[in-house]
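Just below is one structure, and these are the notes that go with it.
The values are calculated or read from the model by the stated rules, or taken from the named source; none is laboratory data. Quick caveat, the model's predicted, so the values are computed rather than measured. We place every Cβ from the backbone using ideal geometry, glycine too, and count neighbours over all the protein chains shown. SASA here: full protein model, heavy atoms, side chains in, ligands and nucleic acids out. Shrake-Rupley method; radii C 1.70, N 1.55, O 1.52, S 1.80 Å.
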Amino acid sequence: MNNHKIIPFERNRYFYGKLLTVRDFEIEQKYFNDKRRLMNRILLGPGILAGLNVLTVDDKTLLIEPGVAVDYLGREIVSDAPFTSRLSVIEGFDQLPDFGDAYLNIAYFEEPKEAVHNISQSENEYNRVLEAYKLSLSTEAPSVEHALLDLIGLKQFTLLDNETYTLYLKLDHVTNVEEGFNAYLQVHKKSETGTVKINITLTSQYINYGQPMVLTFDETLVKSADAYQMSWHFDVSNVKPQDDLIQLSGFSLSSESLQIDHLDIALKHAVQISPLPKLEQIEHKYRTLSLDDLMAASAGDSICLAKLKVLKTDRTYVIESIVNDPLDQLLGNLQLSKIRKLDAFQKAMSTEKQTVPSGEDKPQLEKQVTIADTNTTTGKITFMFNDKVDAKEKFFSEEIEHGLGTGDVFIQVSIDSETSEGDAAFGYQNQMVFGDYEIFEKSNYEPVVPVVKSATINYKNKGTFIVGIQFMESYSRSELLVKWSATKVNRHYEPMINLKNQLTIKPAMSKVKIRSKISYNVFKDGEPVPCTWHIKEEDGGEIDANGVYMSPSVEGVYEIIADVTDYHEKLSAFVVVENEE
């Protein structure tokens, strides 16, 4: 599957007497490879599945850990052993500037192996093909904003790409009256220059009440870095569902070495304003994509493993720092998902919606009650320091998207004792410290991490936040790991029923040890109701006529069923049986 277009699948048909040629065996392999790669492309997309972390052996040598990635054509890139290499022998090293960022990329590569004699001709042939990989270095980050994202989510425009700067402008494809419209600007500095100031003006008929949308970036107001990402939020409230057109009406960039007052770009971008939530609109766009558009969503062959800071001279070079997975291409998979211990817990929770007897006693809907559940995301920030950090010195992260949308989101941060490579940096204790460090000072529990105060700012209308830290003592290491978790309480409304005349089983869910007893009862308006009892599973223990349950000697989840014959209803409860340990 070496193109973006799906080739019709053909497989061999075997029969006695069939003459098999090289073509038949090649088709046999191609059929299964293409099917598997098609599923990889559609279900997973490109990125890192596991491992492939990049470490330094010394200031000139890299070590790449074993791991698995999937490229944009669905091909698996597998490294089954640690790989060590001098940076200078990797393709693209000679094109790196004397100082700046370099991106380490990995790509699928096939290598012929095992030369054997060909009986049909004098030349040798290779007997095997090794599915390997090759590494390369580039000064530009591989684009992850490929055609699929351009089609359904964020449209990316390259405003400027010269020897000094690269500017990317990203605009929402869809928006609604509550979530508003977002614009994002990425600034990459390719060489050491003075501070830069950028002004961009966008116009539309409806967004921002028809007023110009001005995006301004002044580097003198932020901490110096090689790359920046900013976002702006604009109001679309009181706008009827319709299409809008955004155009670039003004641009200026000024620095010590460069002055630009105009861009020869006819930027026009259509935006759909809808009453539906953004995520729902994006999902609808994805579902309505043609298969050709979906398969054409490719940005190239390489997956970015790490971002390196490299200093070169005429005779030598130094790797100053490494940031793994800088483009956030780690793919989710089922093993990363939190697996519930037993699916029966969900069933048990559903028993809270109590069974109602049929007939005239059926309760009526009276009002609505607010039901709350929560969503949580997590991440980490590595603060890098070039010099020793003094006490009272402050540092701030870039603006981070927490992935929970707009609104009230609760952010919690901790100082972690690990480094970005995963090793404990402060002794052998792996610790995460939340809250006020001083509580543990001069005690047996004094943390091993440095004394750092932390705080966060949540931008409710943008779905982003920043983290600020302040060192309360001097710090000599080159990095500090801060982990964060974001929690959002989602409230929805469900009809609340009158509990009068309702049957309930208690306890609806319980946990007991093996060969233990617990009593079950059925109530109506607080009064016991006669019923017959049995256990759904054959080896689920014993229960007598009075509802006294004896758990079995085997761990598991078992369903207790009460048959309330007077009301023609059956109720269920669930019990988790655990071992003594």
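Annotations
- Meets criteria (under 26 Å from Val187 (Cβ atoms), basic (Lys, Arg) and open to solvent by 90 Å² or more (accessible area, probe 1.4 Å)) for Lys268: yes
- Being open to solvent by 30 Å² or more (accessible area, probe 1.4 Å) and in contact with an Asp or Glu (Cβ under 6 Å, 6 or more places away or on another chain) is a property that holds for Gly51.
- Qualifying position, being under 30 Å from Ser414 (Cα atoms) and at pLDDT 80 or above, among Ser476, Ser572, Ser553: Ser476
- Among the criteria (1) closer than 16 Å to Cys304 by Cβ; (2) touching a Gly at 6+ places or on another chain (Cβ under 6 Å), the one Arg41 does not fulfil is (1).
- Test for Arg37: is it open to solvent by less than 20 Å² (accessible area, probe 1.4 Å), assigned to a helix (DSSP H, G or I), farther than 19 Å from Leu137 by Cα and at pLDDT below 85: yes
- When the residues of the stretch 226-253 are filtered to those that are modelled with pLDDT of 80 or more and open to solvent by 70 Å² or more (accessible area, probe 1.4 Å), the one that is farthest from Phe385 (Cα to Cα) is Leu245.
- Pick from the stretch 208-225, criterion out of contact with any Leu (no Cβ under 9 Å at 6 or more places or on another chain), part of a helix (DSSP H, G or I) and surrounded by 11 or more Cβ atoms within 10 Å (Cβ to Cβ), ranking: modelled with the lowest pLDDT: Tyr209
- Asn546 surrounded by fewer than 17 Cβ atoms within 10 Å (Cβ to Cβ), modelled with pLDDT under 80 and more than 30 Å from Val409 (Cβ to Cβ): no
- Options Leu202, Leu185: the member that is of a type outside the set (Asp, Glu) and either closer than 21 Å to Pro277 by Cα or within 29 Å of the chain's Cα centre (by Cα) (or both): Leu185
- Of all residue pairs spaced 6 or more apart or on separate chains, those with beta-carbon atoms under 6 Å, a first member in the stretch 247-268 that is under 19 Å from Phe157 (Cβ atoms) and a second member that is assigned to a strand (DSSP E or B) and among the hydroxyl-bearing types (Ser, Thr, Tyr) are Gln247/Thr203; Ser249/Thr201; Ser249/Thr203; Gly250/Thr201; Asp261/Ser252.
- Taken across the stretch 349-362, residues that are open to solvent by 60 Å² or more (accessible area, probe 1.4 Å), under 29 Å from the mean Cα position of the chain (by Cα), closer than 30 Å to Thr565 by Cα and modelled with pLDDT under 50 do occur, with at least one present.
- Restricting Lys240, Lys190 to those that are charged (D, E, K, R) and within 27 Å of Val323 (Cβ to Cβ) reduces the list to Lys190.
- Residue check, Gln412 part of a strand (DSSP E or B), at pLDDT 80 or above and open to solvent by 90 Å² or more (accessible area, probe 1.4 Å): yes
- Looking only at residues of the stretch 153-169 that are open to solvent by 20 Å² or more (accessible area, probe 1.4 Å) and more than 25 Å from Val310 (Cβ to Cβ), we find that the one that is modelled with the highest pLDDT is Phe157.
- Residue match in the stretch 551-559 (condition: part of a loop (DSSP other than H, G, I, E, B), open to solvent by 60 Å² or more (accessible area, probe 1.4 Å) and either of a type in the set (Asp, Glu) or closer than 15 Å to Gln502 by Cα (or both)): yes
- Flag for Ile543 being closer than 17 Å to Val512 by Cα and free of Cβ contacts under 8 Å to residues at least 24 places away in the same chain: yes
- Residues in the stretch 225-274 that are among the polar types (S, T, N, Q), under 31 Å from the mean Cα position of the chain (by Cα) and farther than 22 Å from Lys462 by Cα: none.
- Index of the failed condition, His262 passing every other in (1) surrounded by 11 or more Cβ atoms within 10 Å (Cβ to Cβ); (2) farther than 18 Å from Lys170 by Cβ: (1)
- The residue list Val22, Val70 contains one member that is at pLDDT 85 or above and open to solvent by 70 Å² or more (accessible area, probe 1.4 Å), which is Val22.
- Residue count, the stretch 171-205 (criterion: of a type in the set (D, E, K, R) and modelled with pLDDT of 85 or more): 1
- Criterion (charged (D, E, K, R), open to solvent by 30 Å² or more (accessible area, probe 1.4 Å), at pLDDT 85 or above and closer than 30 Å to Pro447 by Cα) met by exactly one of Lys536, Lys483: Lys483
- Hits in the stretch 518-533 (condition: part of a strand (DSSP E or B) and surrounded by 14 or more Cβ atoms within 10 Å (Cβ to Cβ)): Ile518, Asn521, Val522, Phe523, Lys524, Trp533
- Failed item, numbered, when Asp80 is tested on (1) open to solvent by 90 Å² or more (accessible area, probe 1.4 Å); (2) over 25 Å from Gln329 (Cα atoms); (3) among the charged types (D, E, K, R): (2)
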